[in-house]
1. Answer rounded, prolate or oblate for the range 70-162, using the Cα gyration tensor with square roots of eigenvalues a ≥ b ≥ c: rounded when a/c is under 1.5, else prolate when a/b is larger than b/c, else oblate.
2. Give the accessible surface of the chain per residue, rounded to a whole number of Å², with probe radius 1.4 Å and ligands, DNA and RNA excluded.
3. Around Glu24, with a cut-off of 14 angstrom between Cβ atoms, what is the net charge of the other residues, counting Lys and Arg +1 and Asp and Glu -1?
4. Can you spot the aspartates and glutamates whose alpha carbon is less than 20 Å from Lys302's alpha carbon? Ignore those fewer than 8 places along the same chain.
5. How big is the convex hull of the Cα atoms of the chain, per residue, in Å³?
6. Taking 8 Å as the Cα distance limit and 6 or more residues as the minimum spacing, I'd like the relative contact order of the chain as a percentage.
7. Among Lys91/Lys126; Lys238/Lys303; Lys65/Lys168; Lys91/Lys180; Lys51/Lys126; Lys127/Lys265, which pairs are too far apart, with a Cα-Cα distance over 32 Å?
8. Only helical DSSP H runs with n ≥ 4 go in: add -39500 (n - 2.57) per run for the chain, normalise by residue count and round the 222 nm mean residue ellipticity to 500 deg cm²/dmol.
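The values are calculated or read from the model by the stated rules, or taken from the named source; none is laboratory data. Note that this is a predicted model, so its numbers are computed, not measured. FYI the Cβ positions are ideal-geometry reconstructions off the backbone, even for glycines, and counts take in every protein chain you see. To get the accessible areas, we keep the full protein, side chains included, count just its heavy atoms, and leave off ligands, DNA and RNA. Shrake-Rupley method; radii C 1.70, N 1.55, O 1.52, S 1.80 Å.
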Amino acid sequence: IGAYVPDHILSNQLLETMVDTNDEWITTRTGIKERRILKDKDKGTSYLAIKSAEDLIQKKNIDPKAIDMVIVATATPDMMVASTAAFVATKIGATNAFSYDLQAACSSFLYGMSTAASYIESGRYKKVLLIGADKMSSIIDYSDRTTCIIFGDGAGAVVLSREENNSKGILSTHLHSEGKHAKELSLISPGLGTRWVTDIIEDNDPNDESYYPYMNGQFVFKNAVVRFTEVIYEALNKNNLTQKDIKLLVPHQANLRISQFIQRKFELNDNQVYTNIMKYGNTTAASIPIALAEAHQDGHIKKNDIVLLAAFGSGFTWGSALIRW
Ligand code: UT7
């Protein structure tokens, strides 16, 4: 697993000087202490994605020309049109690969895993590079304290290939979506002007071209804990396992209180739930692969361990993946 976060640290103390907030509120409500920000205005999500892919390529000594397909899971592509994945693939030398972007907000990485695994299971492709990357700072309003304290920038990359032993690798993935609450966590593109977002557009100043994400935090929180619970049970039941079998649960890092709720619900101990939200905030599509990279590097995941990934995000979208490492 490759990972990359930019050097610049945006601490709670720094945010205190920017908006009406404080370290105590942010820490108790979210668990976040700091997040990483890609400051350079001329660098986008592709920069983060390329860095994480290069980290992986170097660690595993991968020949980029052997990669058949590149998926960039992201909610913040460099451009609305012209695939970020195509740009990344070319830059890293994956010249034999085809590529595309995939957007399922905070669930994007799990959607990408399921997609990549399906291509490999079908026998059509042998090596798929999946990158979860987001430059959230490019879409955040740093005068809105309800969102600016939460998000950070980063990227993580994995390469998927065939495992001949059926009892290893990705054992199952479970994906869901439900569009009726789309507005509760959304970022509109007024230029695209679809009719059903008209009422949101009316709430905005039509002369103001700066549109930022809106999040109904409490509503999203309540839905997240329900869906996380359902989709974790779904993965365990499908594989005839119980929570005792989980070596490590790596949840999307949305809010420490969400992870703690799940931990209590499934009676997991501290070592069974991975948390790094204090360092990076919510990095959307990047949060799971960055957490996996760190957990692996720190020795929390070993061969044959059962690792469970779960996410919930805008859409709403949610999902899980069960892996025998
Ligand atoms: O990754 C995608 C999925 N996203 C999530 O899962 C996010 C889920 N939601 C959350 O994590 C939480 O709802 C938040 C962290 C966003 C907010 O925490 P909360 O405990 O739900 O707070 P709240 O929105 O109910 O706000 C409580 C109070 C309000 O003041 P009043 O009305 O009680 O006077 C807010 O105005 O806290 C105020 N507040 C703040 N105060 C200081 C809101 N943001 C801030 C802030 N600093 N940054």
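1. Since a/c reaches 1.5 and a/b is larger than b/c, the shape of the range 70-162 is classed as prolate.
2. Averaged over the residues of the chain, the accessible area is 48 Å².
3. So the environment of Glu24 carries a net charge of 0.
4. Partners within reach: Glu163, Glu164, Asp245, Asp270, Glu294.
5. Value for the chain: 136 Å³ per residue.
6. In percent, rounded to a whole number, it is 25.
7. Correct reply: Lys91/Lys180; Lys127/Lys265.
8. So the helix-based figure for the chain works out to -10000 deg cm²/dmol.
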